[in-house]
Amino acid sequence: MIREIKDGVLYFDGCNTVELAHKYGTPLYVISQTDITEKFTELKRDFLSKYENTRVAYACKAFCTKGMIKLCQREGMCIDVVSGGELYTAMEAGFPAEQIEFNGNNKLPSEIEMAVDYGIGRIIVDGLQELDIIESICREKGKTVKILYRITPGVKADTHDYIITGKKDSKFGIPLDEHILYPQVERAIKSPYVEFLGFHFHVGSQLFDNSPYLQAVDAVMEHVKAVKEKFGYGVREINLGGGFGVKYTDEERKPYSYFTDPMMKKIKAFCEDIDIPMPAVVIEPGRSIVAEAGLTLYEIGSIKDIPGVRKYVSVDGGMGDNIRPALYQSQYEGIVANKASLDRDDRVTVCGKCCESGDILIKDHMITSKAEAGDIFAIFSTGAYGYSMALNYNRNPIPAVVMVKEGKSEIMVRRQTYADMIAGDIIPKTLI
Ligand SMILES: Cc1ncc(COP(=O)(O)O)c(C=O)c1O
């Protein structure tokens with residue numbers, strides 16, 4: 001049990017969360033190494049060892065720190081980056097460039113150049129102009145790079161509109177229209193600067209149903225067949241993206257195999273049918289590896305009870321360290337960590353300290369009526385897209401990240417200071 005209550009206090013991966021809050025300060029992101037490792041173990045057992053020629057590329061946008069990248073390396077994972085900044089973090093962590101894949105709908109020429117210089121494993125081409133940029137950079141440097149095309153499979157997944165990415169009306173990917181896709185494929189096959197491997201899709205995030213994935217596999221395999229027929233070219237790699245759902249409140253996380261087994265079966269059957277060798281298959285989970293491994297600790301400050309209307313419990317963080325409730329109306333659960341055994345007999349709205357009415361972390365949540373200023377409030381499942389989306393709105397510093405494992409804790413990212421925040425500020429000479 002990663003989370004347990006002992007003597008009225010919440011413990012996380014063996015650590016007393018109240019002691020963590022006092023030792024490292026609040027707000028504080030806490031990441032359980034044990035939980036992350038368990039997810040990697042599941043992936044190794046049910047995907048990597050079960051099927052030959054497969055890879056897992058952790059989508060590090062979910063939680064990107066040098067320590068996390070190092071953990072991926074130690075566990076034999078590849079990673080997926082979407083910016084020069086993520087790529088730089090990975091390289092600074094000593095991650096091998098050839099095990100990195102580069103996604104993104106508007107990669108900057110400077111980012112592509114950086115990727116080519118490092119000798120990146122793959123670029124997932126995500127638009128009709130990108131190949132021009134890649135070719136000209138490779139031509140200039142006398143290098144080649146492996147590419148896949150990210151396609152929009154035209155499937156609609158059942159999730160928040162902002163995290164659907166596979167429907168036709170999307171900024172991501174190349175539409176599956178023949179007159180658009182095939183000239184691109186032909187060009188890539190013939191290009192001396194790129195090695196065309198195959199196709200990539202990502203249908204969306206926080207998904208609990210495998211049917212959109214299976215529909216996307218059907219769509220992509222039809223194109224694998226067409227590429228073979230039209231160009232005599234056997235696609236060598238298919239990337240199925242990420243998006244596997246996690247538990248925030250009432251959801252039930254499905255095992256990876258619920259998604260990957262039927263997809264692998266479909267791909268295999270298709271390849272046998274059209275008599276081509278099984279391609280390499282890659283998945284790119286992000287959230288499902290780190291979300292449940294994280295929690296955020298806050299200190300409760302002011303409490304405002306508006307009789308008959310609402311009771312607001314303010315904490316010392318908010319949308320700056322977790323923008324998801326404001327951005328996607330995401331739901332979370334939490335508990336007063338130092339009064340964890342008390343009855344949850346009070347309906348409150350947990351809000352942050354930013355100057356926005358929308359800075360609400362959890363609306364209408366049952367907690368103990370004994371909550372008061374100075375208590376520690378823990379919000380669960382904040383490991384994904386929390387720290388990685390953190391911002392300095394109102395010039396609140398970005399919290400520290402602590403990694404915990406079996407009762408031990410260690411700093412992973414130190415708390416940002418006010419001086420860090422203004423380090424780039426320069427007063428224009430005309431104002432002095
Ligand atoms: C291309 C791609 N791969 C992987 C992911 C990771 O998705 P998730 O964190 O939901 O697993 C994303 C998320 O946006 C993505 O765009």
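Averaging 1/r over every pair of different alpha carbons in segment 51-286 and inverting the result gives a Kirkwood radius of 18.0 Å.
Note that segment 21-90 shows a convex hull volume over its alpha carbon atoms of 103 Å³ per residue. The alpha-carbon atoms of segment 318-365 define a convex hull whose volume equals 78 cubic angstrom per residue. The calculated FRET efficiency for T417 paired with K230, based on their beta-carbon distance and R0 = 60 Å, is about 0.55. Simple spin-label estimate for M366 and E406 gives 3.6 nm between the two label positions (7 Å along the Cα-to-Cβ direction from each Cα).
For segment 182-193, backbone phi angles converted through the Karplus equation (6.51, -1.76, 1.60; θ = phi - 60°) give residue-by-residue couplings of 5, x, 5, 5, 4, 4, 5, 4, 7, 5, x, 9 Hz, Gly and Pro being listed as x.
Put +1 on the Cβ of each Lys and Arg and -1 on the Cβ of each Asp and Glu in segment 51-286; which of G104, P262, A59 then has its Cα farthest toward the positive end of the dipole? It is A59. Per-residue ellipticity at 222 nm from helix content only, as computed over the chain with -39500 (n - 2.57) for each DSSP H run of at least four residues, stands at -8500 deg cm²/dmol.
Dipole magnitude for the chain: computed about the Cα centre from +1 point charges on Lys and Arg Cβ and -1 point charges on Asp and Glu Cβ, it is near 360 debye. The share of Cα pairs per 20 Å bin across the chain, counted from zero up to the longest distance, runs 25, 52, 22, 2 percent. Computed from Cα atoms alone, the Kirkwood hydrodynamic radius reported for segment 1-150 is 17.5 Å. Considering only DSSP beta bridges where both residues belong to segment 51-286, give the percentage that are antiparallel (nearest 5). Restricted to segment 51-286, the bridges split so that about 5 percent are antiparallel.
Between T34 and I5, the simple spin-label model (points 7 angstrom out along Cα→Cβ) gives 1.9 nm. Rank A371, A115, A59 by mean-square fluctuation in a GNM of the chain with C-alpha springs under 10 angstrom and give only the top-ranked residue. Maximum among the listed residues: A371. Largest GNM mean-square fluctuation among I362, I189, I376, using the chain with Cα springs under 10 Å: I189.
Distances between placed amide hydrogens fall under 5 Å for F377 paired with Y298, E299, I300, A337, all partners being 5 or more residues away or on another chain. With θ taken as phi - 60° and the Karplus curve 6.51 cos²θ - 1.76 cosθ + 1.60 applied, the whole-hertz 3J(HN,Hα) list for segment 14-26 is x, 9, 6, 5, 5, 5, 4, 4, 6, 6, 9, x, 10 Hz, x standing for glycine and proline.
3J(HN,Hα) along segment 307-324: x, x, 10, 6, 10, 9, 10, 8, 10, 8, x, x, 5, x, 9, 8, 7, 4 Hz, from the Karplus curve 6.51 cos²θ - 1.76 cosθ + 1.60 with θ = phi - 60°, whole Hz, x for Gly and Pro. Only Cα pairs under 8 Å and 6+ residues apart enter the sum, and on that basis the relative contact order of segment 51-286 stands at 19 percent.
If both residues of a DSSP beta bridge must be in the chain, then about 50% of such bridges are antiparallel. Summarising the amide proton neighbourhood of H365: residues at separation of 5 or more, or on other chains, whose placed amide H is nearer than 5 Å comprise V348, T349, V350. Computed over the chain with a Gaussian network model linking Cα atoms closer than 10 Å, the most mobile of V336, V350, V227 is V227. With contacts taken as Cα pairs under 8 Å and at least 6 residues apart, the chain reaches a relative contact order of 20 percent. Normalising the Debye intensity of segment 60-109 to I(0), with uniform scatterers on Cα atoms only, and taking log10 at q = 0.15, 0.16, 0.20, 0.27 Å⁻¹ returns -0.33, -0.37, -0.58, -1.03.
Just so you know, all these numbers are worked out from the coordinates, no wet-lab data involved. None of the values given here were measured: they were computed from a predicted structure. Cβ atoms come from the backbone with ideal geometry, glycine included; neighbour counts cover every protein chain shown.
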